[in-house]
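The values are calculated or read from the model by the stated rules, or taken from the named source; none is laboratory data. Just so it is clear, the model here is predicted, and its values are computed rather than measured. All Cβ positions, even for glycine, are placed from backbone atoms using ideal geometry, and neighbour counts span all protein chains on display.
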Amino acid sequence: MYYLLRHRDVPGIESLDVYAHHQGYSGLRRALSMDRADLLEEVSRSGLRGRGGAGFPTGRKWSFLDQSQPERYLVVNADEAEPGTFKDRELVENNPHQVIEGTLIAAYALNAAEAFIFVRGELLAGYESLLRARDEARIAGYVGSHIFGSDCSVTLKIFRGAGAYICGEETALLEAVEGKRGHPRINPPFPAQVGLYGKPTVVNNAETVANLPIILTQGAEWYRSHGTTASPGIKIFSVSGRIARPDNYELPLATPLDTLLYEYAGGPLDGRSIKAVIPGGSSVPLLVPKSFSVPLDYESLAEAGTMLGSGGVIVLDDQVCIVRAAARLLKFYRTESCGKCTPCREGTYWMSAILDRIEDGKGSMEDLARLPDIADNVSGICLCPLGDASLPFMLSAMKHFREEFVQHIEERQCPLDHSVAHSL
Ligand SMILES: Cc1cc2nc3c(=O)[nH]c(=O)nc-3n(C[C@H](O)[C@H](O)[C@H](O)COP(=O)(O)O)c2cc1C
């Protein structure tokens, strides 16, 4: 049974009639019948953690919002440009009312009269699906003034981005909504104090808010009965790459990685073996097979030296050249770096150029030594986390597969047959 990917059980749930017929908006009804403090308490008790990457507890984040000012905003982040991550896309395209219901629950909890859903530019179908759902909900009185006759009024705007990875970063996203170039802001002040149009703002991921109707209808205790004490609840894992059944899988947190890979996603392609997995989108360190029994929760993955991140599980098999994969990813970060700060702009450029050179068989051992040195000059000093996000995969690939890098240099070519080899 699905709770987030409900369209897989209930065809037509993208329309209000079908959604409402299947308990849709009953979570919002319950939320509106509660005091805001009780609602905050229930969401905190559920243990829900942000699904945008950092896993910050949602209730705690809400409690930081400066309530002393007359206006505040909620912005829901459906930018989803992290390579290997396609869960929000499925949600907004196929189950838009659940994202909208969650947005309204959060807006009520935060006492925000205006909410935005920011959709990545390329997700046109999702954007249109949200627009249709929002308009249906508005006509039915679920969005707008005095929802269900309560004192809660929320205006909901669906904002289409222009397809830049950096706009997923919350402060760049706020700049983009304000109509400016999507560059990150220097913080502090954080959005909870100075956010959209200078007002206190909460930014939450689309999957995060889609969990709220579940928590409100099933209850915080039910939600907590899945996963672990520190990582409760359910999560969508996007599985992609060299795997038999790439797809989104909705599972309790702490499901072992090998269960996801072999039981749900069907294991490696015929005749192949999995050599590494990036478990949380492209910005986290890879895992090698001896760690594949790790439970997919925030703490266990940290202990294994990586992160849950966005839950984008990217599979690399024995036909994937690890150098080519690192070069491909660094090219992504180099292209997506907004260029505002020097370490990110220059660092991603140089690392990308060196990795391309090594992959082309023109690299040297000095090049190999230079990569961690450049990474050192990027790490922890960029304006936003994008520069840091470019490092973990490359560094972990160099640690676990150093011999592949050396082989490229010594043999002056990629050792894999390029007619069958894959980058990612
Ligand atoms: C470069 C970059 C890209 C990001 N992209 C996304 C994104 O596409 N979606 C998202 O929800 N969060 C993204 N984030 C994280 C957001 O800044 C923010 O932490 C998140 O939206 C908060 O929501 P949550 O607390 O519900 O997880 C990104 C962060 C960085 C540094």
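Figures for the structure shown
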| item | result |
| --- | --- |
| Filter result for GLU14 (buried (at least 16 other Cβ atoms within 10 Å of the Cβ), touching a His at 6+ places or on another chain (Cβ under 9 Å) and of a type in the set (Asp, Glu)) | yes |
| Candidates ALA276, ALA327, filtered to the one that is within 30 Å of GLY233 (Cα to Cα) and either in a helix (DSSP H, G or I) or in contact (Cβ under 8 Å) with a residue 40 or more places away in the chain (or both) | ALA276 |
| Subset of region 202-228 (residues that are under 12 Å from GLY47 (Cα atoms), part of a helix (DSSP H, G or I) and within 16 Å of the ligand (Cβ to nearest atom)) | THR208, LEU212, ILE215, TYR223 |
| Residues of region 38-56 that turn out to be touching a helix residue (DSSP H, G or I) at 6+ places or on another chain (Cβ under 7 Å), within 11 Å of the ligand (Cβ to nearest atom) and without any contact (Cβ under 8 Å) to a residue 24 or more places away in the chain, as a count | 0 |
| Filter result for ASP88 (out of contact with any strand residue (DSSP E or B) (no Cβ under 8 Å at 6 or more places or on another chain), closer than 30 Å to ALA37 by Cβ and outside any strand (DSSP E or B)) | no |
| Residue check for GLY12: under 25 Å from LEU253 (Cβ atoms), assigned to a loop (DSSP other than H, G, I, E, B), more than 14 Å from the ligand (Cβ to nearest atom) and not hydrophobic (A, V, I, L, M, F, W, C) | no |
| Matching entry among LEU91, LEU5 (being away from the ligand (no atom under 16 Å from the Cβ), modelled with pLDDT of 95 or more and within 22 Å of PRO252 (Cα to Cα)) | LEU5 |
| Any hit, region 250-262, residues being in a loop (DSSP other than H, G, I, E, B), crowded, with 22+ Cβ neighbours inside 10 Å and within 16 Å of the ligand (Cβ to nearest atom) | yes |
